[in-house]
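These notes concern the structure reproduced below.
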Amino acid sequence: KAGVTQTPRYLIKTRGQQVTLSCSPISGHRSVSWYQQTPGQGLQFLFEYFSETQRNKGNFPGRFSGRQFSNSRSEMNVSTLELGDSALYLCASSPAGTGFTDTQYFGPGTRLTVL
Amino acid sequence: GENVEQHPSTLSVQEGDSAVIKCTYSDSASNYFPWYKQELGKGPQLIIDIRSNVGEKKDQRIAVTLNKTAKHFSLHITETQPEDSAVYFCAASWTYGGATNKLIFGTGTLLAVQP
């Protein structure tokens, strides 16, 4: 099976712009989670989508949003970019997510640089 | 709140020696504990995981132990090889009020295996 794919791999934006990142989960996986990785804060959970619904949310401002499509692909959007949003954004997919924590498989990430 | 502490932050061993990384979690409801290996420029790769109904799990040179009473879990790598050099992350998750795939990560351990 193909792994988790994320596009684009690298992105450079300026402050105030918005950005959309895309994630395609492993075939058959229905849950997609997003994480932000920075040197200062480490790996932090953004949100999880399952069956096109946001099931869980981390402690990030409303500028961070996401959605999931019927084919389980997911996008996350960051509006009004700030310098501190520069990070590696990771997507993780998992099989079913019913009643217990699934094993999560990560993609390679999208490196976002905000200038 | 939810917190996972990880030690040490850096670990240098000679090839063939063993390496041990320890993590402590704060939420007693945590019931799933994965370990990830992250190489430069890549996303985290799951190397082993354990659930709270198991005290120990082994996969070739890698083992994880869980002490629920003390709320800590450890990664053991035996017969280390240069290709084991990477950053290792522990994480914890839990299920209450329904399924969740929210992982709380430790701060990472940079393992260097000297040939």
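A few remarks follow.
- 14 Å cut-off, amide nitrogen to a point 7 angstrom out along B:Thr10 Cα→Cβ, residues in region B:74-91: B:86-87
- Each chain gives up part of its surface: A and B jointly bury about 1800 Å² of accessible area, both sides summed, for a 1.4 Å probe.
- When chain B is reduced to its Cα atoms, the Kirkwood hydrodynamic radius in Å: 14.3 Å
- Taking label positions 7 Å along the Cα-Cβ direction at both A:Arg111 and B:Val20, the computed distance is 3.6 nm, reported to one decimal.
- Listed residue (B:Gln6, B:Asn31, A:His29) projecting farthest to the positive dipole end of the protein assembly as shown, Cβ model: A:His29
- Along chain A, counting only chymotrypsin sites (Phe, Trp or Tyr not before Pro) with a DSSP assignment other than H, G, I, E or B and at most 16 other Cβ atoms inside a 10 Å radius, the longest segment between sites is A:1-68.
- Qualifying lysines (Cα of each under 21 Å from Cα of B:Lys37; at least 8 residues distant if same chain): A:Lys1, B:Lys22, B:Lys57, B:Lys58, B:Lys102
- In a simple Cβ point-charge model (Lys, Arg +1; Asp, Glu -1; nothing else charged), the protein assembly as shown has a dipole of about 620 debye relative to its Cα centre.
- Over region A:35-89, relative contact order from alpha-carbon pairs under 8 Å, at least 6 apart, %: 31 percent
- Selection from A:Gly84, A:Gly66, A:Gln6 lying farthest towards where the dipole of chain A points positive, charges on Cβ: A:Gln6
- Put simply, the amide H of B:Ala112, placed in the peptide plane, has neighbours under 5 Å in B:Leu11, B:Ser12, B:Val13, leaving out anything fewer than 5 places away on its chain.
- Gyration tensor verdict on region A:20-77 (Cα atoms; rounded if a/c is under 1.5, prolate if a/b is larger than b/c, oblate otherwise): prolate
The values are calculated or read from the model by the stated rules, or taken from the named source; none is laboratory data. Not measured: the values here are computed from a predicted model. Note: ideal-geometry Cβ built from the backbone for every residue, glycine included; neighbour counts use all protein chains shown. Calculation scope for accessible area: heavy atoms of the full protein, side chains included, ligands and nucleic acids excluded. Shrake-Rupley method; radii C 1.70, N 1.55, O 1.52, S 1.80 Å.
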